[in-house]
Amino acid sequence: MKSVLPALVPDMSYDGMEVAEGNDAGLAWEKMVHAEAGTEERRRLKEALLAYCRQDTLAMVRLLEVLQAA
């Protein structure tokens, strides 16, 4: 998805996001649930993961809209 998104939906990007890729999301989740992080870091990681999931969902919707319009 992240390969075709810039070509089909150029106004969307993951640039500047704390969690910007699936691997980052997996590492953040693992760190958050295995108590490797303090309370404040867990809160920050949770917000970063939610932002990433929102972006992924919106990206899928926008890609579908572009493909349906073609």
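In the stretch 19-69, the alpha-carbon atoms span a convex hull of 56 Å³ per residue. For the chain, the longest principal axis of the C-alpha atoms and the axis of helix 39-69 are separated by about 10°. Counting only alpha carbon atoms, the long axis of helix 22-33 and the longest principal axis of the chain meet at about 30°.
Quick note: the coordinates plus some simple rules give every number you see, no bench work behind them. Bear in mind that the values here come from a model prediction, so they are computed numbers and not experimental data.
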